[in-house]
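The values are calculated or read from the model by the stated rules, or taken from the named source; none is laboratory data. Note that the structure is a prediction, hence the values are computed from the model and not measured. Quick reminder, even Gly has a Cβ in these numbers, built from the backbone with ideal geometry, and neighbours come from all protein chains shown. With ligands, DNA and RNA removed, areas are computed over all heavy atoms of the protein, side chains included. Shrake-Rupley method; radii C 1.70, N 1.55, O 1.52, S 1.80 Å.
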Amino acid sequence: MNIQSANELRSLFLRFFEEKGHARIPSASVIPENDPTVLFTTAGMHPLVPYLMGEKHPMGTRLTDVQKCIRTGDIDDVGDPSHLTFFEMLGNWSLGDYFKKEMIPWSWEFLTSKDWLGLDPDKLAFTVFEGDQDAPRDEEAANLWRAQGVKDDHLFYLPKKHNWWGPAGITGPCGPDTEMFIIRDQPPCGPDCSPACSCGRYLEIWNDVFMQYEKQADGTFVPLKQKNVDTGMGLERTYCVLMGAGTVYETEIFSGIIGKIEELSGRKYGQDPSPFASSPTTCVPLPSSSATTGA
């Protein structure tokens, strides 16, 4: 599929899941309603928490949307080739309907079929949850990827830090996930190079969350009454890959904004040095801190 604009990517994703029986719903506000645990809507699952917990959604059990999000958890990474504070998340939802055996083949189809994104399977890598005291190793997800044709050297088992999503706040629905990455044209950083690295070889573009637990205030996890699927594909990252751009900022999504900044500042993006680069400073650098990354 030859995609020429970000809007075409939005439409393609929504059409794919509409053809799988999903109802299209609008983006919710970036200011959460009736949720005191967060300041902003950080993911598509936020507005759907009541339905993930068992309440009936008026549009049914299969939903798809493009949710506007604001995320500050990885703000230290904003400005690198792939991280943004405001972004759009392409998502689909199963509210107690289908689960892994449907979702993983659909993900593969959308990523690799010539009728959809048509990405090269050899340029894709996948991660699954390695298991811990809270939940078992996700061999089911791994075997479903293998059934699509994924080779073992493109499949990685990673811990909760990398392959568990949620809850969005302190408590709430959550679960193990499987993540999808583009393998960039750069050599491995070493023998243990994997999607867990920060070397830049792997770029996450999609995340299928198998939401089957609720985290309690005491830190324990209990099974949800219904098993849900919550996915999120980063619009800007995926479009960047499809356009062959070096960063998410080098696409038409940002070209108008950057053009206006160039006009107002009299400086050229990527060419003129920052006016702050040579400014004297007496600040003591802060120690680096880890930040949660993701699409």
Across region 89-101, the tally of residues that are open to solvent by less than 10 Å² (accessible area, probe 1.4 Å) and assigned to a loop (DSSP other than H, G, I, E, B) stands at 1
For region 94-116, pairs from a residue that is over 17 Å from residue 180 (Cα atoms) to a residue that is part of a helix (DSSP H, G or I) and open to solvent by 20 Å² or more (accessible area, probe 1.4 Å), with Cβ under 6 Å and 6 or more apart or across chains, are 95/51
Per the filter on region 134-168, residues touching a residue at least 24 places away in the same chain (Cβ under 8 Å) and among the polar types (S, T, N, Q) are 148, 163
If we keep only residues of region 230-262 that are of a type in the set (Asp, Glu) and either touching a strand residue (DSSP E or B) at 6+ places or on another chain (Cβ under 8 Å) or touching a residue at least 40 places away in the same chain (Cβ under 8 Å) (or both), then the residue nearest to residue 124 (Cα to Cα) is 236
Checklist entry - Would it be correct to say that residue 3 is part of a loop (DSSP other than H, G, I, E, B) and either within 24 Å of residue 184 (Cα to Cα) or open to solvent by less than 70 Å² (accessible area, probe 1.4 Å) (or both)? => result yes
For the structure I just gave you, tell me whether residue 142 is within 14 Å of residue 210 (Cα to Cα), at pLDDT below 95 and aliphatic (A, V, I, L, M). no
Of the residues in region 28-70 that are at pLDDT 90 or above and within 16 Å of the chain's Cα centre (by Cα), the one that is surrounded by the fewest Cβ atoms within 10 Å (Cβ to Cβ) is 70
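State yes or no: is residue 145 aromatic (Phe, Trp, Tyr), closer than 30 Å to residue 55 by Cα and buried (at least 17 other Cβ atoms within 10 Å of the Cβ)? Outline the logic, then answer.
Values: aromatic (Phe, Trp, Tyr): yes; closer than 30 Å to residue 55 by Cα: no; buried (at least 17 other Cβ atoms within 10 Å of the Cβ): yes.
Considered against the rule, which asks whether it is aromatic (Phe, Trp, Tyr), closer than 30 Å to residue 55 by Cα and buried (at least 17 other Cβ atoms within 10 Å of the Cβ), residue 145 comes out as no.
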Subset of region 205-216, residues at pLDDT 95 or above and either touching a helix residue (DSSP H, G or I) at 6+ places or on another chain (Cβ under 8 Å) or not aliphatic (A, V, I, L, M) (or both), comes to 205, 206, 207, 208, 210
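If we keep just the residues of region 139-188 that are charged (D, E, K, R) and out of contact with any helix residue (DSSP H, G or I) (no Cβ under 8 Å at 6 or more places or on another chain), which is nearest to residue 74 (Cα to Cα)?
Start the filter on region 139-188 by keeping residues that are charged (D, E, K, R), which leaves 139-140, 146, 151-153, 160-161, 177, 179, 184-185.
Filter again for out of contact with any helix residue (DSSP H, G or I) (no Cβ under 8 Å at 6 or more places or on another chain), leaving 139, 151, 153, 160-161, 184-185.
On the way: 139: 29, 151: 31, 153: 28, 160: 17, 161: 14, 184: 22, 185: 25 Å.
Residue satisfying both the conditions and the ranking: 161.
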Looking across region 170-197 at residues that are open to solvent by 30 Å² or more (accessible area, probe 1.4 Å) and touching a residue at least 12 places away in the same chain (Cβ under 8 Å), the single one that is farthest from residue 13 (Cα to Cα) is 189
Note on residue 19: of the conditions (1) closer than 25 Å to residue 227 by Cβ; (2) open to solvent by less than 60 Å² (accessible area, probe 1.4 Å), unmet is (2)
Among (1) loosely packed, with under 14 Cβ neighbours inside 10 Å; (2) over 15 Å from the mean Cα position of the chain (by Cα); (3) touching a residue at least 12 places away in the same chain (Cβ under 8 Å), residue 86 falls short only on (2)
Of (1) in contact with a Pro (Cβ under 9 Å, 6 or more places away or on another chain); (2) on the phi > 0 side of the Ramachandran plot, residue 118 satisfies every one except (1)
